[in-house]
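The values are calculated or read from the model by the stated rules, or taken from the named source; none is laboratory data. The model shown is predicted, which means the values in this text are computed figures rather than measured ones. Here Cβ is always computed from backbone atoms with ideal geometry, including for glycine, and neighbour counts include all displayed protein chains. With ligands, DNA and RNA removed, areas are computed over all heavy atoms of the protein, side chains included. Shrake-Rupley method; radii C 1.70, N 1.55, O 1.52, S 1.80 Å.
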Amino acid sequence: MLNVIYALLVLGILGALFGLVLSVASKIFEVKKDPREEAILSHLAGANCGGCGFPGCGGCAAAILAGTAPVTACAPAGPENAAAIAKIMGQEAPTGERQVAFVRCNGGERAGHKFERYVGIEDCVAAMKVAGNGTLDCSFGCLGRGTCVKVCKFDAIHINAHGVAEVDREKCTCCMQCAAACPRHVIVSMPYAVDVVLPCANHEKGASAKAHCAVSCIGCKLCERNCPAGAITVNNNVARIDYDKCTSCGTCVAKCPRKLIVDIHADGKVAPVVADK
Amino acid sequence: METIFSLLAISLGAILSNNFIFSQFLGICPFLGVSKKVDTAVGMGIAVTFVMGLASAITWLVNTFILVKFDLMYMQTVAFILVIASLVQFIEMFLQKSMPTLYTALGVYLPLITTNCAVLGVALLNIQNNYNFIESVVYGITGGLGFLLAIVLFASIRERLVFADYPKCWDGFPIALVTAGLMALAFMGFSGLQVW
């Protein structure tokens, strides 16, 4: 009986002692936390994607609070949450349209592969290292080995039927992790509300661009010359659309001799259909 | 001189031939859970080493001056768990206040150590082996270093495994467990280690 009492006493006293030490320590070592940090954190996406450049969502919330990051730092959270964070921080709600990622390539099988069969690691970084600047004929385009698919936390990028990465514009939150992972650097951000896209990043001159891919931009400048808004410029043999100026008139879609510029809302697809190479 | 040799023998045993992970199978949970990246593995290893050293010191004191005095040896497990849990909590608060950079670097791994059975294991083994205070502390710290060695080696292998071409059904823990098993076999080689 005495044993039981001893056991109870010793453990009870030990527990009480440690409890006391801990409660004293929690007062001594108290770190004051700004309640706003918790509030900001609740408005972030919570995926810990790292797209903002800070270690996790907690790091991003701390940076927003410290003023080193803008209230829009978390792209995946969207404009409503950015507005909520701005309110917490006592700022005006930011204006700005939703952005999404876009793959500047539509080649894939239409660009052709150098080898009958690639037996290396299924990864674009590895495919890039194959002698002669990668496995693809085109040395600028998407290799289609899915490195971007693996890093996407939102299931918003997939390899399509042509063997090219394609962004699901509805799911994309523009965290740009795919752009960081892509060894070819063909993924860029663009406004969600666009109609006309130009999926090519080939800087080669017309003839070789044509030889390497059936859906390449040859830099003919027909779109640049015909654009009524002056929104298209050809630089380094590849056209780019300035979405600040683009009015979605569709002139370039009609003029492009390669049928490369497309209206994404016309048939719901980015991919133009090109029958023969 | 004799003490130094015996301490050296304890250290070598704890790091290599009696490695906590590969030959005693203690602390497997953080070993598998926090070994995807070398950086975090190093952080976890250092935190565990720190806590194991401190825990062996304090549990030895608690055992010698309280439990043995009152003839309550059968309470070791309960008392040690209490000590370790409070110790980790205390260290967490202390680090948050005085070394915030280290605190953020260790992150969630610090509270996780409470449930690391290698820490309780080292406290109980100290008593089982009849170690004195110095030996206990040395065994605790070198046991932690053995854990650090194991988890860093394992994490560097797992970083390479990401690019390896193995069947899909092996993805994740299956391939990690097979790797850990092979590493344990390799560490068995140290069991023949005879120094003096």
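Quick notes on this one:
- Residues in chain B average 51 Å² of solvent-accessible surface per residue, probe 1.4 Å, ligands and nucleic acids excluded.
- Percent of C-alpha pairs per 10 Å bin in the range A:1-146, short distances first: 10, 22, 13, 17, 16, 10, 7, 4, 1.
- Degrees separating the helix B:2-12 axis from the principal Cα axis of chain B, which is the longest one: 30
- Cα pair distances of the range A:66-165 binned at 5 Å [whole percent]: 2, 12, 18, 16, 10, 9, 9, 9, 8, 5, 2, 0, 0
- A:Gly50 sits among other residues whose Cβ lies under 15 Å from its own Cβ, and their net charge, with Lys and Arg +1 and Asp and Glu -1, is +3.
- Between the helical axis of B:173-188 and the longest alpha-carbon principal axis of chain B there is an angle of about 60 degrees.
- GluC sites (Glu not before Pro) restricted to the range A:105-176 and DSSP loop, no more than 16 other C-beta within 10 Å: A:Glu116, A:Glu122, A:Glu170
- Rolling a 1.4 Å probe over the heavy atoms of the protein chains gives chain A an accessible area of 53 Å² per residue.
- Computed over Cα pairs, the Kirkwood radius of the range A:13-89 leads via Stokes-Einstein (1.002 mPa s, 20 °C) to a diffusion coefficient of 153 µm² per second.
- Share of Cα-Cα pairs in the range B:17-150 lying beyond 24 Å, as whole percent: 26
- Of the residues making up the range A:2-16, those losing 10 Å² or more of accessible area when the isolated chain is joined by the remaining protein chains, with a 1.4 Å probe, are A:Asn3, A:Tyr6, A:Ala7, A:Val10, A:Leu11, A:Leu14, A:Gly15.
- Among A:Ile218, A:Ile28, A:Ile241, residue whose mean-square fluctuation peaks in a GNM of chain A (springs only between Cα atoms under 10 Å): A:Ile28
- Accessible surface of the range B:1-152, 1.4 Å probe, proportion on carbon and sulfur as whole %: 72
- GNM flexibility winner over chain A from A:Val31, A:Val130, A:Val253 (Cα, springs under 10 Å): A:Val31
- Rg/Rh, computed from the Cα trace of the range A:153-276 with Rh as the Kirkwood radius, has the value 0.94.
- Fully extended contour minus Cα-Cα distance, from A:Ala254 to A:Glu80, at 0.36 nm per residue: 58.9 nm
- Mean shadow area of the range B:121-196, taken as a quarter of the surface of its Cα convex hull (nm²): 6.8
- Computed from the C-alpha gyration tensor, the three semi-axes of the ellipsoid equivalent to the range B:130-169 are 37, 9, 4 Å, from longest to shortest.
- With R₀ set to 41 Å, the beta-carbon distance separating A:Val21 from A:Asp168 gives a calculated FRET efficiency near 0.15.
- Straightening the chain between A:Val130 and A:Ala39 buys 27.9 nm, computed as 0.36 nm per residue apart minus the Cα-Cα spacing.
- Taken over the C-alpha atoms, the protein assembly as shown has Rg and Dmax values of 30.5, 100 angstrom.
- The mean number of Cβ atoms from other chains found within 10 Å of a Cβ in peptide A:112-119 is 0, as a whole number.
- Under 19 Å from the A:Thr233 label point (7 Å along Cα→beta-carbon), backbone N, the range A:173-192: A:188-191
- Farthest toward positive dipole pole in the protein assembly as shown [+1 Lys/Arg, -1 Asp/Glu at C-beta], among A:Gly90, A:Cys124, A:Ala75: A:Cys124
- Only Lys, Arg (+1) and Asp, Glu (-1) charged, at Cβ; chain B dipole about Cα centre in debye: 280
- Size of the A/B contact, given as accessible area buried on both chains, probe 1.4 Å, in Å²: 1700
- Listed residues B:Met188, B:Met1, A:Met128 arranged by accessible area, highest first, probe 1.4 Å: B:Met1, B:Met188, A:Met128
- FRET efficiency for the pair A:His203 and B:Ile28, taken as 1/(1 + (r/R0)^6) with r the Cβ-Cβ distance and R0 = 51 Å, rounds to 0.45.
- Solvent-accessible area, 1.4 Å probe, carbon plus sulfur percent, for the range A:47-115: 54
- Summarising the label geometry, the points placed 7 Å from Cα in the beta-carbon direction at A:Ser189 and A:Asn48 lie 2.3 nm from one another.
- Cβ-Cβ FRET estimate between A:Phe29 and B:Val78, R0 fixed at 30 Å, reported to 0.05: 0.65
- Candidate cross-link partners of A:Lys150 among the lysines, defined by an alpha-carbon separation under 18 Å and a same-chain spacing of 8 or more, comprise A:Lys171, B:Lys36, B:Lys37, B:Lys168.
- When its C-alpha radius of gyration is set against 2.2 N^0.38 Å (N residues), chain A gives a value of 1.44.
- In this entry, the range A:67-119 is assigned a mean projected area of 6.8 nm², taken as a quarter of its C-alpha convex hull surface.
- Relative contact order of chain B, taken over Cα pairs closer than 8 Å and 6 or more residues apart, is 44 percent.
- In the range B:27-119, the chymotrypsin sites (Phe, Trp or Tyr not before Pro) that fall in loop regions by DSSP, at most 14 other Cβ within 10 Å: B:Phe70
- When you count the other C-beta atoms within 10 angstrom of each residue and take the mean per peptide, A:144-156, B:169-181 line up highest first as A:144-156, B:169-181.
- Note on the range A:147-200: Rg/Rh from Cα positions, Kirkwood definition for Rh, rounded to two decimals, is 0.92.
- Whole-number Å³ per residue for the convex hull built on Cα positions in the range B:75-126: 69
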